[in-house]
1. Scan chain A and note any complete DSSP helix (H) whose C-alpha atoms cover at least 18 Å along its axis and whose Kyte-Doolittle average is 1.6 or more.
2. Kindly provide the Kirkwood hydrodynamic radius of the range B:236-373 in Å, to one decimal, from all pairs of distinct alpha carbon atoms.
3. Once the Cβ-Cβ distance between A:Asn210 and A:Ile38 is put in as r, and R0 is 60 Å, what FRET efficiency do you end up with, to the nearest 0.05?
4. R0 = 30 Å: FRET efficiency of B:Glu297 with B:Lys359, Cβ-based, nearest 0.05?
5. Across the range A:167-236, how large is the tail of the calculated P(r) beyond 20 Å, expressed as a percent of all Cα pairs?
6. Once label points are set 7 Å from the Cα along Cα→Cβ at both A:Arg265 and B:Ala167, what is their separation, rounded to one decimal in nm?
7. Under 26 Å from the Cα of B:Lys142, which lysines turn up, not counting those fewer than eight places away in the same chain?
8. Show me, bin by bin at 5 Å from 0, the whole-percent P(r) of the range A:318-391 based on Cα pairs.
Amino acid sequence: MTTMTEETQVPETATVTVKHESIGQRVVNLLASFGLTITILLFLMVLTFFGTIEQTDTNLHDIRTKFFDSFFFTTDTIPFLPLPGGALLLTLLAVNLFVGGLLRLRRTPSRVGIFIIHIGIAWLLLSGLVEFVFGVKGYVQIFEGESASRFLSHNEWQVTIAHQTADGKERAFVIPPEKLPEPGSTTKFTAEGLPFAVELRGYLRNCRVNAAGHGTGMDGYTFKRLDDAEEPQNNRPGVTAKLIEPGGVTREAMLHSMAEPYVTRMAGQRWALTIERQSWELPFTLKLRKFHKEEHPRTNVPSRFASDVTRTEDNVDHDIHISMNEPMRYAGYTFYQSGWGPQNVPRGTPIKRYFSVFSVGKNPADRGPLYACIVIACGLVYHFIRKLRLHLRSENRRRA
Amino acid sequence: MVPIRKPRGLRVFNAFLPCALGATLLLAGCGDAEVVVEDVRERRAHYDYIPRTSQQRFEPKRRAPAHGAGASNEVQLAWDLPEGWAEAPLTQYRKANFKIGADTQCYLSITGGGVEANVNRWRKQMGLKPQSFEEMKAFPQKKLGPYDALVVDLEGSFTGMSGGQAAKGYRMLGLIVQDQQQTIVLKMVGPADVVLRERPSFFRIAKSIRRRADGENPHGGGDPHASAGAEPKSDYQWTAPKGWKRGKPKMERLVTYHPADGVQCYISILVAGGGGIGPNVNRWRRQMGKPPLSNAEIGNLKKVRLLGQDAPLLELMGGKFTDMDGKAVDGAALMGAMCIDRGRLITIKMTGPTAAVEKQREAFIAFCESLEPVK
């Protein structure tokens, strides 16, 4: 890359030298600059400030979504001014670190340690980005003796249209949360292999079903809109679905997250429609064989709880023990023992079966932070040992 | 002076910001849309595909009539009703509801929240301070159906759910047990002397609660209507022609009859118009392998009086009938009529072998004409 320099004569006293750099060079300069680093850190401070203040009125999930998972956000204090969100700032910080700390860093022996540290930090940020974009988190609750082949979201909801197939399995058409219609709008869904269209309207994030009596609402029932629950996992959404066959035959039903699926016949098959927690299928099934817990003496507070599970994949069983600090990691999924039930049962009351709750995470960069920390530690060790050697050498020289 | 210009990168960034915001607002403002579903999964079956009425779906805790095939999974209960007790209408959360005299009530409910929270809620209703979990463990136990439940006996001033004025000199007797995630409760509240007097009856009825046997009514004995197969509650009534046998309840059908061997006739109700008359007439024609009719042709069909309207009457004889399961029958006939009533599509349809359907033609028309709203 060449740099062209020319001098411009300014009247009388001053001579200003203007460097004409290519656009690419300027962009690189900007991205590598300490100015950008400082600006990003300042905005991160602003972000943390507003994110913390807003927690007095809003739950943690909404705060995370609004401030930290977003590219821009606005606040009630200055609603007209969009500010950069966590996703944008961290992306910029990663780029700044990559360009300034890796590409433009002088590659001398004295900088090798710092270079390695920068690689580690960039790796850490990249892991965060991969988790943000590709990672999913949820939970699965399994009773003893039962098995599960999917896990559920805590906060997000989907609409599922399913029918049974000849082999006793199920074919499900899933409308993901981000495609559900906004309140007040209608969205029509079609799919290859779905013999009718489904129109969704009147989506409510939190509602209950009211028995309005015959001749009112749909089949005597209406939705009653409720304020959002304090914790988003306690929201109970509802939506009205209309099934439209190509001939114009329709069926209409209210779907509510607390209600059984709506089952009807269309095109010669039974179909089930439901609004349910967003789910992800697992490539294996997990069966809870036995739940164990130990309690602190004379209390119902567990000191330790764990689950014996069987993971079945391709007709091959694997027996696994999952406890609070020993998650099961397999095929990109991590299962943590996070809860159990039923609880609040007096001693002596017979409990037929326990259930286990596992937090499930799928994160392609699951081990990224661990490896990044190892790299950072290596960089630090190298750098400090080098500094120590230099210091000792200069001390010896001084003494000599 | 030479003006100092901002780096171009920053200018690009500043220009990008309003563009991105504009695009976001534009997308957010989009209204109705059509979307292709791409997430299609072949998986283990998660649903039971049992059709349920709106009441069964939205009020599963309310005791619904016994439905036979296509009924809810809800367990129907029975009990031995003590002398002097009367059954009261069910409410949303009460599986059984009884009145004993004017001021005393007793009910069975299946709720959540656990034992500790519920007992302390009751104590609050009786104006008592909460108890610790440890103290509750010392409560005596009695039978509640198959369970060993804790006995809660409280005396004080009762303030009901509505939180009105407290009634002094009241007593609350309860049995409570946790089963999985459900808290099962039998509770009697009333003036202290009545509750004390009815205490033995309370424990007797608690012990007698059981799963209802086929043909048994809730308070023991046989149910005279059970064999007939109760139908979903309806605001329509009709007269079935002589010789028509009532069939088992089916999904989306108000009632099913078997007028003759191989012939069935049923009334169905579809909410929100079910797509209207035209598409449904042509759906039936498609089932018989006939081409669709235009609206004008449908308007020219014979008419039958149905719910006070002139409803189109379909008579499709001697065709190949393909039912909703895709099963085809040769030499079949279909007679049908439909109309829109209060936003709902009401259809009456009879199918079967041609000769048998032809024999039932007049009965079918009489059946259609007998349908009327419950007054």
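1. On the way: long enough: A:34-54 (30 Å, 2.03); A:112-134 (32 Å, 2.21); A:368-399 (46 Å, 0.07).
Within chain A the helices that satisfy the rule are A:34-54, A:112-134.
2. After inverting the mean inverse Cα-Cα distance, the result is 14.9 Å.
3. Values: r = 56 Å, r/R0 = 0.93.
So the FRET efficiency works out to roughly 0.60.
4. With R0 = 30 Å, the Cβ-Cβ based efficiency is 0.65.
5. On the way: 1202 of 2415 pairs.
When all Cα pairs of the range A:167-236 are counted, 50 percent exceed 20 Å.
6. 5.1 nm
7. Counting by Cα, and skipping residues close in sequence, B:Lys142 has these lysines nearby: A:Lys352, B:Lys61, B:Lys95, B:Lys99, B:Lys124, B:Lys129, B:Lys187, B:Lys207.
8. P(r) over the range A:318-391, rounded to whole percents: 3, 12, 13, 13, 12, 10, 9, 7, 7, 6, 3, 2, 2, 1, 0.
All of the numbers you see were taken from the coordinates with simple rules; none came from a lab. Please read these numbers as outputs of a predicted model, since none were measured by experiment. With ideal geometry, Cβ positions are generated from the backbone for all residues, glycine too; neighbour counts draw on all protein chains shown.
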